Each structure stands twice: as C-alpha cells, then as structure tokens.
Amino acid sequence: MAICVEPTHKGNERLCKVVDRMNSDIEIRTLWRASNITAIDRLGYNDHGPTHIRIVTKTALKMLDLLIEAGMQPSVVKDYKLTEQDAEVIVVLAAALHDIGHAVHRDKHEEYSISMAPQIIRRLLEGIYDEEKAAIMMAEILHAIIAHREDVLPLTLEAGVVRVADALDMEKGRARIPFQAGKVNIHSVSALAIDKVRVKKGTERPILVEIEMSNSAGIFQIDELLRDKVEKSGIRDKITIVVHVPKEEKRIIERLEL
C-alpha cells in the first residue's frame with residue numbers, strides 16, 4: 001500500500017521525491033510487512049504495518065499544516081533555518097519509520113526503529129540534501145521516531161505531531177483483528193466503540209479532533225491511551241478534542257465467559 005502525497009503538498013518537490021523513493025523501496029515495504037507479522041500474527045495485536053503508516057502519515061501532515069497555518073514555526077525552521085517543506089519531509093519519514101522496530105520485537109520497538117532507520121533515511125535523502133542538511137534531517141527524524149515512546153518527551157513541533165497522529169489511529173477497524181481472534185478485553189472492546197476520528201481546523205485552537213463513539217466503552221481509549229500521548233506532546237494547548245456519544249449505544253459484546 002503506497003503512501004500518497006496530497007494535492008496540497010504536490011509543490012514540495014523534496015517530499016515528492018522522498019515519497020516516490022519510499023514507495024518503491026523493497027526494504028521498507030518488507031519491514032512494514034514484518035512489523036505486521038510480529039504485531040498481528042505472533043502477538044494478536046492490531047495493524048502496525050502499511051495501513052497504520054498511511055493513516056499516521058496523513059494525519060500528521062494535516063496537523064502540521066494546521067499549526068503552520070495558525071502561525072506556528074516548525075522546530076527545524078526555528079532552530080536550523082530550514083523550511084516548512086523540510087518539516088513535512090521530517091514528519092512523513094518519522095511517521096513512515098516509527099514502527100519498523102516491530103519487525104524485531106514489540107518490546108522496545110522504538111529503540112529498534114531508531115537503530116534500523118538511519119541507513120534507510122540516508123538512502124532516501126541522498127542527492128536531495130547536502131551533507132550538513134542531511135545530518136540535521138537525520139537527527140530530527142530520529143528524534144520524532146523515539147519521541148512516540150510513552151516515556152520520551154517530544155522536543156520539537158514535528159515530533160509532537162507524529163506522537164499525537166500515532167495515537168489518533170484508533171477507529172474501530174484497528175481493533176477488529178484482535179477482537180475476532182478472541183481477545184475480548186477492555187482494549188479491544190473500547191477500540192471497537194470508536195467509529196470515526198476526524199482532524200479539522202479548530203476555532204479556539206488550531207486543531208480540532210472530533211471522535212464519534214457507538215458505545216461509552218470508547219472512553220477508555222480516550223482517557224487511558226490518547227490523553228497521555230496528547231498531554232505529553234508539547235502541543236497540548238493547540239488541540240481541542242471533542243467526543244460524541246449517541247443517546248442509544250450499540251452493544252459490542254453479548255456474553256463474556258471467564
């Protein structure tokens with residue numbers, strides 16, 4: 001499954017070149033597949049491969065766009081005098097490579113990701129950036145990758161965006177695999193209660209996240225999983241999260257036997 005560059009980003013030639021290279025890179029595609037072998041086939045978790053990557057990449061870019069539109073400077077612009085287009089490249093590559101460590105193991109996968117990513121990043125950036133800028137891009141991408149780990153605080157706008165986008169991949173289809181495999185617990189049931197996640201331009205804050213639920217069990221996803229990611233993202237004050245729960249809730253399970 002290829003990552004697509006949205007029409008609004010077609011003018012970013014560096015991003016388009018990087019994405020074209022990434023979509024044709026056999027190693028990357030294989031690592032995405034291997035990540036799903038670990039997550040789905042061996043552990044019974046949800047998707048951490050191409051579908052997850054496509055969703056996180058699209059969401060992260062949209063959030064970055066909204067923050068820039070609101071007047072915020074990406075960290076690579078503020079600190080290194082690079083461009084907003086370079087920030088887009090950082091966000092896309094960090095989103096695309098943040099979970100490749102699952103190919104090794106779920107435990108400490110973030111650390112495996114940052115050890116496996118450098119050779120891939122160098123290959124994707126070769127000829128697009130000079131040596132100095134490539135080194136800066138490498139550092140910023142690796143920071144955004146490791147900062148999606150629960151106990152690592154993002155120090156850049158780009159890393160914060162990737163961290164939140166990763167957590168927002170929570171619609172019900174994400175839990176269908178473990179649920180159908182027999183994992184009936186608060187994690188799978190609450191995930192099945194999330195019908196839709198939308199990222200929009202906000203009014204009081206730059207980013208509005210609307211979450212539609214079919215059942216109140218979805219509150220677990222918000223309170224236990226999403227809240228911490230957002231609170232420790234560095235961009236908490238730029239995001240409004242609104243949760244909609246219907247008056248008549250949908251029953252997710254009929255019977256549970258222990």
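The values are calculated or read from the model by the stated rules, or taken from the named source; none is laboratory data. Bear in mind that the values here come from a model prediction, so they are computed numbers and not experimental data. Positions of Cβ are generated from backbone atoms using ideal geometry, with glycine treated the same way; all protein chains shown enter the neighbour counts.
Number of residues in the stretch 12-33 that are surrounded by fewer than 16 Cβ atoms within 10 Å (Cβ to Cβ) and either within 16 Å of the chain's Cα centre (by Cα) or not assigned by TED's automatic domain parsing to the domain that holds His48 (or both): the value is 0. Within the stretch 44-57, the set of residues being free of Cβ contacts under 8 Å to residues at least 60 places away in the same chain and surrounded by fewer than 22 Cβ atoms within 10 Å (Cβ to Cβ) comprises Pro50, Thr51, Arg54. Among all residues of the stretch 161-170, there is none that is at pLDDT 95 or above, out of contact with any Gly (no Cβ under 8 Å at 6 or more places or on another chain) and more than 22 Å from Leu15 (Cβ to Cβ).
Does Asp79 fit the bill of being assigned to a helix (DSSP H, G or I), exposed (fewer than 15 other Cβ atoms within 10 Å of the Cβ) and at pLDDT below 95? Here the answer is no, as Asp79 does not meet what is asked. Kindly evaluate Glu204 against the criterion of being over 28 Å from Ala144 (Cβ atoms), touching a strand residue (DSSP E or B) at 6+ places or on another chain (Cβ under 9 Å) and either assigned to a strand (DSSP E or B) or among the charged types (D, E, K, R) (or both). No; evaluated as a whole, the condition is false for this residue.
Take the stretch 82-101 and flag every residue that is charged (D, E, K, R) and assigned to a helix (DSSP H, G or I).
Glu84, Asp86, Glu88
For Ile211, are the conditions met, namely being in contact with an Asp or Glu (Cβ under 9 Å, 6 or more places away or on another chain), modelled with pLDDT under 90 and β-branched (Val, Ile, Thr)?
Taking the combined requirement at face value, the residue does not satisfy it.
Within the stretch 102-119, the set of residues being more than 17 Å from Gly44 (Cα to Cα) and part of a helix (DSSP H, G or I) comprises Glu110, Glu111, Tyr112, Ser113, Ile114, Ser115, Met116, Ala117, Pro118, Gln119. Checked against (1) touching a His at 6+ places or on another chain (Cβ under 9 Å); (2) surrounded by fewer than 20 Cβ atoms within 10 Å (Cβ to Cβ); (3) under 30 Å from Lys200 (Cα atoms), Leu61 passes all but condition (2). With the structure loaded, tell me whether Arg122 is touching a residue at least 12 places away in the same chain (Cβ under 8 Å), part of a helix (DSSP H, G or I), surrounded by fewer than 18 Cβ atoms within 10 Å (Cβ to Cβ) and not polar (S, T, N, Q) or whether it fails that test. Here the answer is yes, as Arg122 does meet what is asked.
Restricting the stretch 226-255 to residues that are in contact with a Lys or Arg (Cβ under 7 Å, 6 or more places away or on another chain) and among the basic types (Lys, Arg) leaves a set whose member that is farthest from Val164 (Cα to Cα) is Lys238.
All conditions in (1) within 29 Å of Leu208 (Cα to Cα); (2) assigned by TED's automatic domain parsing to the domain that holds Leu124; (3) at pLDDT below 95 hold for Met1, with the sole exception of (2). Restricting the first member to the stretch 176-203 and to residues that are closer than 22 Å to Val164 by Cβ and basic (Lys, Arg), and the second to residues that are modelled with pLDDT of 65 or more and part of a strand (DSSP E or B), the beta-carbon pairs closer than 6 Å and six or more apart or on different chains are Lys196/Glu212; Arg198/Glu210; Lys200/Leu208.
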